[in-house]
Each structure stands twice: as structure tokens, then as C-alpha cells.
Amino acid sequence: MLAFASLSFGTGRKGVSKSVSKVQRSRVFMAKQIEVVRGADEATINKFGCRSWPIWSCEASTFPWEYTENERCLLIDGDVTVTPEGGEPVSFGAGDIVTFPAGMKCNWDVKKAVNKHYLFF
């Protein structure tokens, strides 16, 4: 599915998206959603191995971001709203596991300083 995402959302190759079928484009569009597991339990956190990932921190701020890879993170602290380009805002906070799809452009609104474990894949 990642190959479809990179093909559909701009690798700079002319005509690439034309070679992706309607069904494949539909899957790509669906894959461009932010997924949130609210209040993830220890079993889920352990399944992903979140606590072994690096930690990233950010003070309250607002900034644009573009994901070149998928990212999964576990928020340790913080309160955030991410608004995908052309999409609806998604809010999440401490204890949530969030997955962002490759190719997504968005704006981060960090309302309360963030500490998160993260993994690009």
C-alpha cells in the first residue's frame, strides 16, 4: 500500500497516478487518514513496543508538517490538534497512540507541550 501512496501523491513521475487503478486509488485515499487509539492499554503499547522508541518533545506551538514516511507515536504528555490539508481536525493527548500516513500534509497545533515516543516506518 505504501507504493500506491507514493505513486498517487507525487513522486514527480509523469503519468504515474494514471497507472493506479480506481480500486488502488480508493485504498490510498483511505490510508491517508490519521488513526487514533485513545487511551491505549498496556497490551497495545507492548504489542507495538512503543516505550523502546525515541522520544521527541515540543513546546506549545503551531507549525506545518509533511509526512514522507508513516509515523506511529505514543503521547506521553501533551494536547495536540492536527489538521490534514483538506481534512477535518483530529485531537489527541497523553495515552493515545496515533498513526500518520506517508504523504500527508498537515498543520500541528500543540496546545500543551508534547513528549512522545515515535517510530517512522
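The values are calculated or read from the model by the stated rules, or taken from the named source; none is laboratory data. Predicted model, so just to flag it, every value in this text is computed and none were measured. Here Cβ is always computed from backbone atoms with ideal geometry, including for glycine, and neighbour counts include all displayed protein chains. Side chains are part of the model used for accessible areas, which takes the heavy atoms of the whole protein and leaves out ligands, DNA and RNA. Shrake-Rupley method; radii C 1.70, N 1.55, O 1.52, S 1.80 Å.
Taking K and R as +1 and D and E as -1, what net charge do the other residues with C-beta under 13 Å from the C-beta of residue 108 add up to? Before the final figure, lay out each step's value.
Numbers: positive: 105, 111, 112, 116; negative: 59, 66, 71, 79, 85, 109.
Residues near residue 108 contribute -2 overall.
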Scalar couplings 3J(HN,Hα) for the range 101-112 by Karplus 6.51 cos²θ - 1.76 cosθ + 1.60 (θ = phi - 60°), nearest whole Hz, x for Gly and Pro, are x, 4, x, 7, 9, 7, 10, 9, 10, 8, 7, 9
Straight-line reach check, residue 105, cutoff 16 Å on alpha carbons, 8 or more apart in-chain or any other chain, hits among aspartates and glutamates -> 35, 66, 69, 71, 85, 88
Net charge of Cβ neighbours under 13 Å - reference residue 65; Lys, Arg +1; Asp, Glu -1: -4
Considering only the other residues whose Cβ falls under 13 Å of the Cβ of residue 89, what net charge follows from Lys and Arg at +1 and Asp and Glu at -1? -3
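Given the peptides 50-57, 65-72, arrange them by the average over their residues of other C-beta atoms within 10 Å, most packed first.
Taking the mean over residues of other Cβ atoms within 10 Å, the ranking is 65-72, 50-57.
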Under 13 Å Cα-Cα from residue 111, which aspartates and glutamates qualify once same-chain neighbours fewer than 8 residues away are excluded? 59, 77, 79
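Keeping every protein chain in place, order 120, 92 by accessible area at 1.4 Å, biggest value first, i.e. largest first.
So the residues, ranked largest to smallest area, are 120, 92.
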Would you please state which residues of the range 48-83 a label at residue 91 would reach in this model, taking the label point 7 Å out along Cα→Cβ and a backbone N cut-off of under 20 Å? 58-64, 74-83
With all protein chains present and a 1.4 Å probe, the order of 44, 62 from largest accessible area down is 62, 44
